[in-house]
Amino acid sequence: MRALRFRPLKLLSWALLFAALLVVLAHASGVWPLRFVEQLEFAIGDARLRASLPHTRDARIVIVDIDEKSLADIGRWPWGRDRLAALTDELFVRQHAAVVGFDMVFAEPDASSGLPALERLAAHEPLIAARLPALRPTLDNDALFAAALTDRPAVLSFYFTSDRDARRSGQLPAPVFDSSALQGRPVAFMQSDGYGASLPRFAQAAPSAGYFNTLPDADGVVRTVPLVAEYEGRHYEALALAMFRRYTGSPAVQPGLPVASGLGVDETGLDSIQLVQGAQRMAIPVDARVGARVPFRGPGGPKGGSFEYLSASDLLLGRVVADHLKGKLVLVGTTAPGAYDLRATPVAAVFPGVEVHANLLSGLLDGRLPVAPDWARGAEVLQLVFTFAVLATLLTRARASWAVGVTLAWVAALIGFNLWAYQARGLVLPLASALLLAALLFVGSMSWGYIVVGRARRSLKRLFGAYVPPELVAEMARDPQRYDMRAENRVLTVMFCDMRNFTRVSEALSPEDLRALINRFFSSMTVVIGAHRGTLDKYIGDALMAFWGAPLPDADHAEHAVRAALAMGRALEPLNADLRARGLPDIGVGIGINTGLVCVGDMGSNMRRSYTVMGDAVNLSSRIEALTRHYGVQVLVGEATRDATQEAAGERLAWVEVDRVRVKGKQQSVTLFTPAPEPAPGAPPFDEEMRLWVLALAAYRHQHWDEAQTRLDGLRSRSPASPLNTLYSQLAERIAQHRRTPPPPDWDGVHTFDSK
């Protein structure tokens, strides 16, 4: 009777073990991909990469950085093309660089010299028309830059887009090959609907060009760059590949087609991109997306040490000795605030985009590009079968203490083989599914139910404890199964808050006093955010980021975010009172808020993770925060946030429409609002001031300049001390500008910002 009872339990335990095997096999075969296993694979791969970083400098590649120092020396970005022409001449004539790649697009004509205005005047002024031909050579900055590029080993950049409203601008370079070279083979190239390239005069002066698109993985981290991408049946190369080809004599590009064999090689996709020059042939391994893994050398940035960084202003001002760059490959990019090309990578959460291309170029020069082979999926299935055969057999018979040793020994063998394949053969083989199966088998054998429940509670507190108030963590801990740590798409409200006047105050403080000031500022702001049910995301220098609506759902997340922003301004009063008592200037805040669909969840690597948000709505919130200084207001919100607060329960907020803008990187316009300020004692009724302001905006957008100016004059005379006078002055300046230079016929009343 006892044996009869034992057999069903034994069968049930084996059934559970086989169920675990089937789950991971379904993932490995692609039948049922498991997102958390993919995230685990990313984390393992990132750790493997960091463990093998050379941490050495590649002296062959130099990054010319348009950094903050350059902007201080030369002037704000964008610079006139005459400056870029001078920089190009310096790199080729005096420094004798081998190849220069520009990690930027020159898509718009340069009007900074005033030449277009002179040409318009010349049509009506004979004297100007007579002198214009003599002035044109010195004023046509685009011609100067094109001349500096001509007949030189310069490589320009462009980008592909897949947006619904994708546009086509500029001139693409010649493709490296067309679809006929694929012999009908289906290949998963990066597909695009549009592109942004440099003006034709630059593309003709420097025919070599490569795109700077990357292939972010599902977690938003850049690990791979597509070496070749497809657009309308033609195929184009990446920036690093274009520079490498120019450096090595411009070999032809051919797709590497796998050779069918009796082993049943998959006849879809490519196994390499081949560079052919005479009898020489170089095969660059690629993955299923025709991407190359970036062989990062170190943490990145000027202090990372992987590449030499030179300030562009040092070159322009002759501070770099001649021939310092002789024979070297130079990438021209920018790390200046407001123009910083940031990427999340396995080696750093904030990584210069230009250095991604530098690392890939370094790997091409060394011939060391790790690759996930086309047989990786089959190897993963075999690895899972062996893991199950070994562990399931041993763990079902072993005591607990011995089971721990067996499991650890097998896991160590899996990791050791994986590291050997990566370091010795450059193979990126899957490991996460085998480790997961080993864990499932072990935990299932050791009464995993109790362990999983306790671990879920601890993980919840560990993950969210640093971001949300303790009372909310306690509320979540009552039912931890409700809160999934995996990333998901959700409509949230995101805030960016930046400390204003920080530089002036910091210059007058000792390091200890400055640290105390920063700690007090962040503490005050964090308390306010928590009191309004917000989730602190991160501190970024003297700024912070927070969001509302996750992890705990909040129907009024937009309302709570705006209320928090207003309270954060009031919370500065005690701190500013202390600063004034010490003879120091006040500090302020600039707060940008936006509501929209974002990806929220536990993201990062196995070394460092955080509960954070990513997406277009987050980027727009950052852009909105940057505009608070421009408009002279403390709080700016997007239209979606304003609309969401109108639907929230309780006392409604009063709003002032600030402007309708199109921020850099977005084609769709957004209307900005700021909470209506409380009128000063004795001031005229604010409702009437707002009525006049709305009428002025409407007249401006209909190009009724006289009416708009009359409204503004009335506003400023009626309320000379209005806190919104900066808005009124800006609109008056735009009206004057449009009087001088009328907008195009299709102008939609939207003000476009060309910088971040």
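The values are calculated or read from the model by the stated rules, or taken from the named source; none is laboratory data. Keep in mind that what you see is a predicted model, and the values were worked out from it rather than measured. Ideal geometry is used to build each Cβ from the backbone, glycine not excepted, and the neighbour counts take in all protein chains shown.
Summary table
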| item | result |
| --- | --- |
| Every residue from the stretch 535-559 that is free of Cβ contacts under 8 Å to residues at least 60 places away in the same chain and either not assigned by TED's automatic domain parsing to the domain that holds M499 or not hydrophobic (A, V, I, L, M, F, W, C) (or both) | Y539, G541, D542, G549, P553, D554 |
| Qualifying residue in the stretch 38-55 (condition: under 30 Å from L144 (Cα atoms), of a type outside the set (K, R) and at pLDDT 90 or above) | no |
| Matching residues, the stretch 341-400, being in a loop (DSSP other than H, G, I, E, B), surrounded by 21 or more Cβ atoms within 10 Å (Cβ to Cβ) and touching a Ser or Thr at 6+ places or on another chain (Cβ under 7 Å) | P346 |
| Matching option when the condition is at pLDDT 75 or above and surrounded by 16 or more Cβ atoms within 10 Å (Cβ to Cβ), among A72, A148 | A148 |
| Filter result (among the aromatic types (F, W, Y) and closer than 19 Å to F351 by Cα) within the stretch 207-261 | Y211, F212 |
| Of all residues making up the stretch 210-251, the number that are out of contact with any Phe, Trp or Tyr (no Cβ under 9 Å at 6 or more places or on another chain), over 22 Å from I63 (Cα atoms) and among the charged types (D, E, K, R) | 1 |
| Flag for G269 being in contact with a Pro (Cβ under 9 Å, 6 or more places away or on another chain), at pLDDT below 85 and either surrounded by 13 or more Cβ atoms within 10 Å (Cβ to Cβ) or not assigned by TED's automatic domain parsing to the domain that holds F177 (or both) | yes |
| Filter result for the condition that a residue is within 29 Å of D89 (Cα to Cα), of a type in the set (A, V, I, L, M) and not in a loop (DSSP other than H, G, I, E, B), over V332, V320 | V332 |
| Filter result for V663 (surrounded by 13 or more Cβ atoms within 10 Å (Cβ to Cβ), within 28 Å of N594 (Cβ to Cβ) and in contact with a Phe, Trp or Tyr (Cβ under 6 Å, 6 or more places away or on another chain)) | yes |
| Qualifying residue in the stretch 674-697 (condition: at pLDDT 85 or above, surrounded by fewer than 18 Cβ atoms within 10 Å (Cβ to Cβ) and not in a helix (DSSP H, G or I)) | yes |
| Residue list for the stretch 283-320, restricted to those being in contact with a strand residue (DSSP E or B) (Cβ under 8 Å, 6 or more places away or on another chain), among the small types (G, A, S) and touching a residue at least 60 places away in the same chain (Cβ under 8 Å) | G291, A292, S311, A312 |
| Unique match (being small (G, A, S) and either farther than 30 Å from T248 by Cα or part of a helix (DSSP H, G or I) (or both)) among S180, S157, S192 | S180 |
| Residue count, the stretch 299-317 (criterion: touching a Lys or Arg at 6+ places or on another chain (Cβ under 6 Å) and either in a loop (DSSP other than H, G, I, E, B) or of a type in the set (V, I, T) (or both)) | 2 |
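Matching residues to (1) modelled with pLDDT of 90 or more; (2) surrounded by fewer than 24 Cβ atoms within 10 Å (Cβ to Cβ):
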{"position": "G569", "(1), (2)": "yes, yes"}
{"position": "P574", "(1), (2)": "yes, yes"}
{"position": "A581", "(1), (2)": "no, yes"}
{"position": "I591", "(1), (2)": "yes, no"}
{"position": "G596", "(1), (2)": "yes, yes"}
{"position": "A617", "(1), (2)": "yes, yes"}
{"position": "S621", "(1), (2)": "yes, no"}
{"position": "T628", "(1), (2)": "yes, no"}
{"position": "L636", "(1), (2)": "yes, no"}
